[in-house]
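**Q** Take a look at the following structure, please.
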Amino acid sequence: MEKHLENIRGKISTKLNHGEKLWKRLAIFLDWLSMKTAKCIIEIVATISSRLPTLSPIVNKDLIGIETRLQDLISKLKIESGGVRIIGIWGVGGGGKTTLAYAAYAEIFHRFEAHCLLENIREESSKHRLKKLQKKFLSRVLKTKDVVIGSEMEGRSMIKERLCCKCILVVLDDVDDLKQLEALAGSHAWFGEGSRIIITTRDEHLLTHHADTIYEVSLLSHDEAMELFNKRAYRKDKPIEDYEMLSKDVISYASGLPLALEVLGCFLYDKDKDEWKSKLAKLKCIPEVMVMERLKISYDGLEASQKDLFLNIACFFRGNDINIDKAMMVLDACNSHPFIGIKRGTP
């Protein structure tokens, strides 16, 4: 009997040991499963987060006149239709091209598989080679830093190979040279079905080579200009009493240019009437530096013959009573070649 009991105790002990091993194995398995599940959850969250909007799609209420222009631009993008579309936004410096492009980007980028906003291409390409812009472009779209580009031609091939099957949204801001477009968006075939490319530039001629549609940014209407200026100069919707005529003088000077209204409004905020009058008198002789610097970029980008043509028009053909046909004849007689120069040089 004692021997039988010992055998039973041995079997029970063996089973208990075996059970403990099973529990340990189960615990190890559950730990592994937990780690695996946690890793999967992290990856899923990261993937979803990368596709969720990080920019507010709501148009900033301080951007006067942006809503109607934004909806007009989005309608030209034809997002619901197939194919690849390239849209050019054209207008004067300080006229709101970049603001409009950014607003459109923030509004619709979550509809695309990938997206990229490349700012200040004119300035960046003058400081660095185009292949650096190509690297930045691919890195942002593919969300990786492991992009190596040996040459500009290699960069073109890589963009086409990596993006030809992706539905992407791209904004190329402030383009001023055809080589920039050829390096970054050389053809519709570089991008996947449904892709949309938005280009901002001061040179309408550049867009005729690439864009399916050219959207000209209109300057602010009188009412829009007044609303913007009031918000900056008074922090209100209406001008302060006794300042209305002075405000109208500023509006007339700015001619609907958002940048000029922003700069002058911020400067005149909290200034008294004498300071306003002094500033307006000064503007008649000396233009606002910040505004002129932005506008001068367009002038600096002209060819030598176009600069001469611009100066001839600015100096000798001022006012509203100019006979356009006569002016063109005079400029042509001076070998200024106005028919091609004015077309290429604007705005």
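The values are calculated or read from the model by the stated rules, or taken from the named source; none is laboratory data. Just so it is clear, the structure is predicted and the values come from calculations on it, not from any experiment. Every residue, glycine as well, gets a Cβ built from its backbone with ideal geometry; the counts of neighbours run over all protein chains shown. For the accessible areas, the whole protein counts, side chains as well, though only heavy atoms, and no ligand, DNA or RNA atoms are used. Shrake-Rupley method; radii C 1.70, N 1.55, O 1.52, S 1.80 Å.
**Q** Can you list the equivalent-ellipsoid semi-axes of the stretch 207-278, largest first and in whole Å, using the square root of 5 times each Cα gyration tensor eigenvalue?
**A** 31, 11, 10
**Q** Under the Karplus relation 6.51 cos²θ - 1.76 cosθ + 1.60, θ = phi - 60°, what is the ordered set of whole-Hz ³J(HN,Hα) values for the stretch 180-190, x standing for Gly and Pro?
**A** The phi angles translate into 5, 5, 5, 7, 10, 8, x, 7, 4, 5, 6 Hz.
**Q** For GLN71 and SER139 in the same chain, what is the full-extension length gain: residue separation times 0.36 nm, less their Cα-Cα distance, in nm? Don't skip to the end; give the middle numbers.
**A** On the way: separation 68, 0.36 × 68 = 24.48 nm, distance 2.98 nm.
Between GLN71 and SER139, full extension yields an extra 21.5 nm.
**Q** Work through the residues other than CYS165 whose Cβ is under 15 Å from its Cβ and net out their charges, Lys, Arg +1 and Asp, Glu -1.
**A** Around CYS165, the charge tally is 0.
**Q** Mind listing the long-range amide H neighbours of VAL84? Cut-off is under 5 Å, sequence gap 5 or more, other chains count too, H placed in the peptide plane at 1.01 Å from N.
**A** GLY194
**Q** Moving to a separate point now. Rounded, prolate or oblate: pick one for the stretch 144-243, where a ≥ b ≥ c are the square roots of the eigenvalues of its C-alpha gyration tensor, a/c under 1.5 means rounded, and failing that, prolate if a/b is larger than b/c, else oblate.
**A** Working: a/c = 3.11, a/b = 2.62, b/c = 1.19.
Here the stretch 144-243 falls in the prolate category.
**Q** If you don't mind, another one. Between HIS209 and ALA327, how many nm apart are label points set 7 Å from Cα along the C-beta direction?
**A** Label at HIS209, label at ALA327, 3.0 nm between them.
**Q** For the stretch 133-201, with every protein chain kept in place, what is the accessible area per residue (1.4 Å probe, Å²)?
**A** Accessible area per residue, the stretch 133-201: 42 Å².
**Q** Using each residue's phi in the stretch 65-74, evaluate 6.51 cos²θ - 1.76 cosθ + 1.60 at θ = phi - 60° and report the 3J(HN,Hα) Karplus result to the nearest Hz, with x for Gly and Pro.
**A** x, 6, 4, 5, 5, 5, 5, 5, 5, 4
**Q** On full extension of the chain, what length is gained from GLU80 through PHE267, given 0.36 nm per residue of separation minus the C-alpha to C-alpha distance?
**A** 62.9 nm
**Q** Taking a threshold of 27 Å on the Cα-Cα distance, which of the pairs LYS78/LYS145; LYS279/LYS326; LYS127/LYS231; LYS231/LYS282; LYS97/LYS326 fall above it?
**A** LYS78/LYS145; LYS279/LYS326; LYS127/LYS231; LYS97/LYS326
**Q** Compare the peptides 171-183, 72-84, 245-257 by average per-residue count of other Cβ atoms within 10 angstrom and give them in order, highest first.
**A** Values: 171-183: 19.9, 72-84: 13.5, 245-257: 17.4.
Packing proxy ranking, top to bottom: 171-183, 245-257, 72-84.
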